[in-house]
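First comes the structure, then the notes that go with it.
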Amino acid sequence: MPALLIFGMFFYLPFLQSIYYSFTEWNALKPPRFIGFDNYVNLLKDQRMKDGFFNTMKMVAFGVIVQNTLALFLAVMLNKPFRTKAFLRTSLYLPIVISLVVTSIIWGQLLNYEGLFNGILIRLGLESIIQDWLGTVQTSFPTIILLTQWQGIGYCAIIYLAGLQSIPNDIYEAAEIEGAKGFTLFRTITLPMLMTTVSVVLFLIVVGGLRLFELPYILTNGGPGTSSYTLFLAVYNAAFQNTQYGYATAASIVLAFFIIIVAIVQLRITSKREVEL
Amino acid sequence: MGQLRKPPLLIEALMLLLALLFLLPVCYLLMMSIKQPAIFYDPFKLPNQLYLEYYKAAFQDVAFFRGLGNTLYVTLGGLVLTILVASMSGFVLARMNQRFFRYVFLFILSGLIIPTVGSLIPMFKLAIALELINTRTLLVFMAAAAGIPMATFLYSAFTKSIPRELEESAAIDGCGRLRLFWMIIFPLLMPATGTFVITNIYAAWNDFVTPLIFLNDPSKMTLMPQIVQFMANKQSINLGPVFALSVLSVLPLVVLFLFTQKYMLKGLVMGSVKG
Amino acid sequence: MKSSKAWMGLMLILCFGLVLSACGGNKNNNASPSPSASEAPAASPSESASEEAPKAGSDKAFTIRVGAWFIDDRSYQVAFKQGIEDKYKELYPNAKIQWDITLGLPYFDKLKAQLASRSAPDVIFYQNQEYVVDGYLEDLSNEPWVARLNEAGQTDLQTHFQGKTYALPMGGSIGGGVWYNKKIFADLGLQPPKTTQEFMDVAEAIKQAGITPIALGFKDAWTAQMFATNWLQPYLFSEDPDFGLKIYNGEKKLDDPLIQEVFLNFQKMKENDYFNKNALSIDWPQSAQLFAKGEAAMIIQGPWMPGANKENIANGGFESFDIGFFPLMDDKGNTAMIIGSNEALGVNAQTELMQEAKDLVNVVASPELYGPYLVGGGALTMLSDVSVTYDDPVVSEVQEAVSKKSLPVRLESYLPTSGANALIDVTTKVVSGVKFTPADLKPMIDSLERDKATVTLPE
């Protein structure tokens, strides 16, 4: 199949070659030197990898719990016949259109110490909490997580919205005749009917969270210190900043296996729930 | 029929507030692109005139339309190629139930997951071997390779909503496989195509690393690397033109989005019904 | 049925691919013939021609590629580029120079991929010795300009390896130091500090006057490295020139008390608010802007600062002021400047335009081009017959600091790249306001242990 051909050639072939490199010391200029599993062992004591791992886990946890719930809530709201329905949907989804380059330009200015955000805080009398949001160890990664929400929540909400709209109306009517209302209706009808969509959204959130890279790369490059590293960024910088391509490919292969396992586990869990409900 | 009752005004107002919050950065971008230098760094001063010098500077310093043309070429090329090949593969994979095809499907899906950091240099060598380096064609292929997993996934999901009887009756009428696919099935898969286009057009459009690495010739450069390079050229102390350029580069996508969002939702609904 | 479809699909995609690549190929040839695509040499000068000054060249038509990451729209860069084109035209009237410019760090990623796949530019601007060590650059020891290298040029690390010259050093420069606003200092009755304590006192006085003492633009990570390295230099090297070697040999550790002291200095400065609040979220041009506006009194930057500052003041319409310089120091008042090399210009060992490429380097080495380029960047000369003079009196202050004590090596000369980057991580962490602990130096120690094999020791 042609799809396989293109995909195989421009995606898999380079990837397979990179597996060999993961067992070598290689700076891209000299021929690779075989060093066995050293790269894999060294992964365990790399500060950037460690911080990257914990931050990535935070991102995934936040995505699964908060982003997922909020997106579902937004979708339920957007499904109501608001007078300004089209406007609401458009504005919540719009951020995803904006490229990361542009996003970083906008937010870099907004969150700057002298930027609009701190300006508003001062006018609200909250001068004590203003800071350099992306330049402080404690706030840099949480800020990045919030920015991912700005970008991504609309997308998830739209997928949920689609799921909601595909639930036939007569089911609701039947349930309402039996006296179900409000939240009960949501719990007994909507949620079970929506389980497939939930697993799709969760899959996207988990994989997206594990692959989080561009925002921290362009906004903080992992700093200050190593406070806003993600796994993907640690791999990227090992390759391009430290020119340890062998080491970086080892890390990316571990990352790939990790993502696959998490994705399989997550799909197992949600599909089981689908059956149970 | 709770679904049709209009929600209270208060909730609507809250939702509007949230929407405005989401829109604020976009409005900010627009505002900064027309804010005169004297008040540029005062976050509370709104522009009181339409200051277009930044746009003039942006057009003067950056070959915007050439960049736009290149971006269109790469983005559209990538989309068309992906759709051509992924629609067929998605269809076939959905119809075949043998173990082999399931593995192929998983193999393609794994592309959504595997990181490509280590692949840069092998990729570069491949591009040289194929004499595709420094060509936009290469970017088209790479965009297609990146888009195929998602597209295959979508097409196979949508295929399940097409009754098999349709193909059988067409086959009885003596319709060839390929003709059958393009004349009958592909039009029915339009929602999948729409969904794919709308959810993936951004990826190639907004990519800034790949063109920077794989293209040499500035006349082939796409928009995003143009902005990045423009910024690197000591522009960070004069951000006005950067904002202007950003507005220009985002505008086509926003317009496209505004016109197609209804369609996209319909496509997604269909997808989730049968997916 | 499946197979027929698959075959049709394959055919389709092949045709499609062929058509596309055919167009792509054509375009490629028109715009940028790769070396292999250039026509047979009409009258290729023999190798021996390189012994003397360049011969008349030839009227052969070809396109030669030059790669760089720093040639932007600054006025002296524009003049430099134009000058090369004009002078090269005299040699090769029908030659065309193709500038492969990728501003910033992606250039080096790209260069590596290009070298590994034999598609790099013919003439390469680079930094870092690894390209030489790994054998990607042509030996240029027999070029005419080699005899003109002065002492600094002959001992320059990144252009030399095992006694051979591989590239033209584009001047040397001080690693950096403190540039200050003389007007602010005079208004507050301050003198350039001599010890770390005096440095702190000066900063305190400036802060009391409501002015930011030091402008930082750490969003550009190299500025963080510059500050840290230049402050480590007097602490580590002023009394022990072999400190770096001892680190490498393991006689000294990277959590040495002297190294800790420097980071404690950073911590103290941060705690006392001597830096701009947005130190980590602005880049270096923005920090230079703070300095040009007079909102900050000092800035830690490289030798280009006097020129850049003049340009910033003129462009921004700010009030003009004189700029002064003092080197970073330790708490006893010792100083030690870093003398490093700027860009280097080498010839791709794989190029098929060997003589043409060598001639281009030769053109750049001509005093009319080399001199103004050095002046524009505030660099020190590495050619004996090119002397650069600066009208700005601050340069004599810089030269005084250099002559007092300077070294061609620094801590990172003995560290792997990963270790140098770990150094940046500690610096940004402390400057962002986290209290320094010796454990912060652990990643540097680990990276030296792990990647020691990748260090090329300075000779």
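Computed quantities for the displayed model
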| quantity | calculated |
| --- | --- |
| Under the Debye formula (equal points on every Cα, no solvent term), log10 I(q)/I(0) of region B:132-222 at q = 0.13, 0.17, 0.22 Å⁻¹ | -0.60, -0.80, -1.03 |
| Alpha carbon centroid spacing (whole Å) that separates region B:216-247 from region A:11-79 | 30 Å |
| Point-to-point label distance, A:R268-C:K207, nm (Cα→Cβ direction, 7 Å offset) | 5.6 nm |
| Cα→Cβ-extended label distance, 7 Å offset, between A:L124 and C:D322, nm | 5.0 nm |
| FRET efficiency estimate (nearest 0.05) - Cβ-Cβ, A:A86 to C:R118, R0 60 angstrom | 0.60 |
| Relative contact order %, chain A, counting alpha carbon pairs below 8 Å whose residues are six or more apart | 32 percent |
| Inter-centroid distance (Cα atoms) of region C:178-214 relative to region A:83-162, Å | 38 Å |
| Region B:54-274 - percent relative contact order, Cα under 8 Å, separation 6 or more | 34 percent |
| Label-point separation in nm, C:E449 to C:D391, each point 7 Å along Cα→Cβ | 5.7 nm |
| For region C:305-378: Kirkwood Rh in Å [reciprocal of mean 1/r, alpha carbons] | 16.5 Å |
| Average beta-carbon neighbours from other chains, 10 Å sphere, peptide A:221-233 | 5 |
| C-alpha long axis of helix B:190-206 to longest principal axis of chain B, angle in ° | 40 degrees |
| Normalised alpha carbon radius of gyration of chain A [divisor 2.2 N^0.38 Å] | 1.20 |
| GNM flexibility winner over chain B from B:I184, B:I11, B:I34 (Cα, springs under 10 Å) | B:I11 |
| Where N is the number of residues in chain C, Cα Rg divided by 2.2 N^0.38 Å | 1.11 |
| Hits among lysines - C-alpha to C-alpha of B:K160 under 17 Å, sequence gap 8 or more where chains match | B:K266, B:K274 |
| Three-way shape call for region C:300-453 based on the alpha-carbon gyration tensor, with the a/c threshold at 1.5 | oblate |
| FRET efficiency, C:E368 to C:D73 (Cβ-Cβ, R0 35 Å, nearest 0.05) | 0.95 |
| Angle in degrees between helix A:47-62 and the longest Cα principal axis of chain A, rounded to the nearest 10 | 10 degrees |
| Computed E for A:I260/B:A129 - FRET, C-beta separation, R0 22 angstrom, nearest 0.05 | 0.15 |
| Taking C:K164, A:K80 and counting other C-beta atoms within 10 Å, the order from fewest to most | C:K164, A:K80 |
| Over the protein assembly as shown: Rg over Rh, Cα atoms, Kirkwood Rh | 0.98 |
| Entries in A:K85/B:K262; C:K219/C:K268; A:K30/C:K452 that, when Cα-Cα distance is taken, lie over 18 Å | C:K219/C:K268 |
| Gyration tensor (alpha-carbon) shape descriptor, region C:66-159, a/c threshold 1.5 | rounded |
| Relative contact order (percent, whole number), region C:55-206, Cα cutoff 8 Å, 6+ residue spacing | 20 percent |
| Trypsin sites (Lys or Arg not before Pro) lying in DSSP loop within region B:1-64, provided at most 13 other Cβ fall within 10 Å | B:R5, B:K45 |
| Centre separation in Å (Cα based) which lies between region C:96-111 and region B:51-105 | 26 Å |
| Of all DSSP beta bridges in the protein assembly as shown, antiparallel share, percent nearest 5 | 65 percent |
| Tensor-based shape of chain B (alpha-carbon gyration tensor, a/c under 1.5 rounded, otherwise prolate or oblate) | oblate |
| Residue among B:L20, B:L46, B:L112 with the largest mean-square fluctuation in a Gaussian network model of chain B, springs linking Cα atoms under 10 Å | B:L20 |
| Shielding by partners - mean other protein chain Cβ count within 10 Å, residues of B:139-151 | 4 |
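Here, each number is a calculation from the coordinates, and none is a lab measurement. All figures in this text were calculated on a predicted structure; none of them were measured in a lab. Neighbour counts run over all protein chains shown; Cβ positions are idealised from the backbone, glycine included.
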